[in-house]
Amino acid sequence: MGRFLNSGNEKFAEFSKTKYFVDKTEMINVLLEKDADEKFICSSRPRRFGKSVTANMLTAYFSRGTDSRSLFASLKCVKNELFIENMNQYDTIFVDIQAQYVEAISVETDPNKYIWKSIVEELQEEYPALISEDMPLTAVLGKINRETGNKFVFIFDEWDYPIRELAEDSRERFEYIELLRGLFKSSDAMAYVRLAYLTGILPMVRAKGQSAVNNFHEYTMIRPKDLGQYIGFTEKDVAWLCEKYQADFVKMKEWYNGYKLNDMAIYNPLSVVRAIAEKELGPYWTETGTYEDIGELINRNFDGLREAVIRMLSGNRIPVNVTGCKNDMYTFADKDQVITTLIHLGYFAYDKQAQEAYVPNKEIREVFYKYMENDADDNLSKFMKYSEEIARAVLEMDENRVAGLVQEVHNDFISSIEYNDENSLSCTITVALLAFFMYYHKPIREFPCGKGFADIVYLPLAKYPNRPVVVVELKWDKSARTALTQMKERQYPEVLKEYAGEILLVGINYDKRTKEHQCIIESYEKKEG
């Protein structure tokens, strides 16, 4: 048992005994059913979505010289003939590419040579009669396969680290791609590879110089194919954990639900487990990283990028073209490539059917709020300060100030929206009141109230019980007074009074002739008794 070669099943065995273990071993059955030309797999997912756990699971199952029968006996994987005959039958090479790069750099040696030389040394120990120390890795693998018939399973965790972190003209990056070419596209590769499973943060996009790996099948946050349910926790998984440990499933959904893969709700495993273990909901995912990804990407000077991000943060969805994504984190051609990268990183979610991007849940909103609280001199932070001023004006019932600020939001931040009706106006209002997310739930549109439906309703979070409910009724080319009258006539306050002691009725109109917004605000106090 070596460090890279056939490293055994101990890591997965230990993990499978943890309190919050969710069984994803049926993924092994899916991989075993792949045809010969499908055995080159690149499965990308965001940080902390279980990449390393999956890699350890596959290592435990495939590693020659290990007996994993008892480990998998009670797990969900289907123990059919195919499963049994492949278990622990292959020389399995597992490499955490990022960890090895960092280690090699710390001892001031070439990272690529460091990794492959280490693997060859372990193979030489296993097959001393067949290979010598000075043979290149691909030659070693080919010879072992020809002489013994043995096949190899390759599992590379953080495979994309050199691609996304090193400059495009970097020597180490070029040599890494050439090593992948040699390993997986050589004339012998089809013979000696049983499975190549590469996992990382970003997909294996066909960018310049990457034809070396174009024989890989991609499974991503945009196209998960038949691996979607194994990328994170499903709703069924989360419901089971909540029931087992007496956690509030409804609140768990609000905080962590929202990713949609193959019409299936997917949750971040780390966040769910931490929330259950600590009995407190919060943005746990971001505690493991930094906010640099957001800042570096959203401040790209692409037309419409700022507006698109702001619109998503305010609860709206935006169309996005997800083709042509880059995976190096620094060369982008347009805003859609930036947004697509943020989808792969987990900051946005993607609705494949509608071809729209959106903010998936409360946890991700908290990520952006924390970022904007850093007083950075960037587009998002500046807009948040603007929105906070509008929120104050609403709560202070400063009607003229609200109307003027909403006008500026439309002119300066989301001028691409053309008003045709109340629905188009509603996007501007939710954007303008983005700061309300700090104290209110996500705005509810078409909220059933009395004898009708309120256009937008903001309900305060439980920890802010003294904040008023805010009801916004919109009119296009009519009058703000008409909006206010409608709320009263349809008895909106009567339905909403159970939520708070005070309700603010906000009527907003856009005048097509003057191209101006008008606002009227009245307070409705709940009568005790």
About its Cα centre, the chain carries a charge dipole, from +1 on Lys and Arg Cβ atoms and -1 on Asp and Glu Cβ atoms, whose size in debye to the nearest 20 is 1160
Cα-based helix-to-principal-axis angle, 235-244 vs the chain, degrees rounded to 10: 90
Placing each pseudo-label 7 Å from Cα in the direction of the beta carbon, Leu130 and Val30 end up separated by a distance in nanometres of 3.2
With the dipole of the stretch 379-525 worked out from charges on the C-beta (+1 for Lys and Arg, -1 for Asp and Glu) around the Cα centre, which of Gln518, Val431, Tyr464 lies farthest toward the positive end? Tyr464
Give the Debye-formula value of log10 I(q)/I(0) at each listed q (0.13 Å⁻¹), with one equal scatterer per alpha carbon of the stretch 269-424, two decimals each. -0.70
How tilted is helix 111-126 with respect to the longest principal axis of the chain? Cα atoms for both, answer in degrees (0 to 90, nearest 10). 40
Given labels modelled 7 Å from the Cα in the Cβ direction, how far is it in nm from Glu373 to Glu502? 2.4
Under a no-solvent Debye model with one identical scatterer per Cα of the stretch 232-287, what's log10 I(q)/I(0) at q = 0.15, 0.18, 0.22, 0.29 Å⁻¹? -0.35, -0.50, -0.76, -1.28
Within the chain, helix-based [θ] at 222 nm, where runs of 4 or more DSSP H residues each add -39,500 (n - 2.57), nearest 500: -12000 deg cm²/dmol
With the 8 Å Cα cutoff and a minimum separation of six or more residues, the stretch 379-525 has a relative contact order in percent of 22
So if I take the centroid of the Cα atoms in the stretch 380-441 and the same for the stretch 1-33, what is the distance between those two points in Å? 50
DSSP beta bridges in the chain, what fraction antiparallel, as a percent rounded to 5? 50
Check cross-link reach from Lys335 to the aspartates and glutamates: straight Cα distance under 16 Å, and skip same-chain residues fewer than eight apart. Asp293, Glu296, Asp303, Glu307, Glu356
If you scale each eigenvalue of the Cα gyration tensor by 5 and take the root, what three semi-axes come out for the stretch 10-228, rounded to whole angstrom and sorted largest first? 26, 22, 17
What angle, in degrees between 0 and 90 and rounded to the nearest 10, separates the Cα long axis of helix 379-395 from the longest principal axis of the Cα atoms of the chain? 30
Taking a ≥ b ≥ c as the square roots of the eigenvalues of the Cα gyration tensor of the stretch 425-470, is the shape rounded (a/c under 1.5), prolate (a/b larger than b/c) or oblate? oblate
Using Cα pairs under 8 angstrom and six or more residues apart, how large is the relative contact order of the chain, in percent? 11
Compute, for the stretch 1-60, the length of the dipole vector about the Cα centre, with Cβ point charges of +1 (Lys, Arg) and -1 (Asp, Glu) only. Units Debye, rounded to 20. 480
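Bear in mind that the values in this text are calculations on the coordinates, not laboratory data. The structure displayed is predicted, hence computed values, not measured ones. A quick note on method: Cβ atoms are made from the backbone with ideal geometry, for glycine too, and the neighbour counts reach across all protein chains shown.
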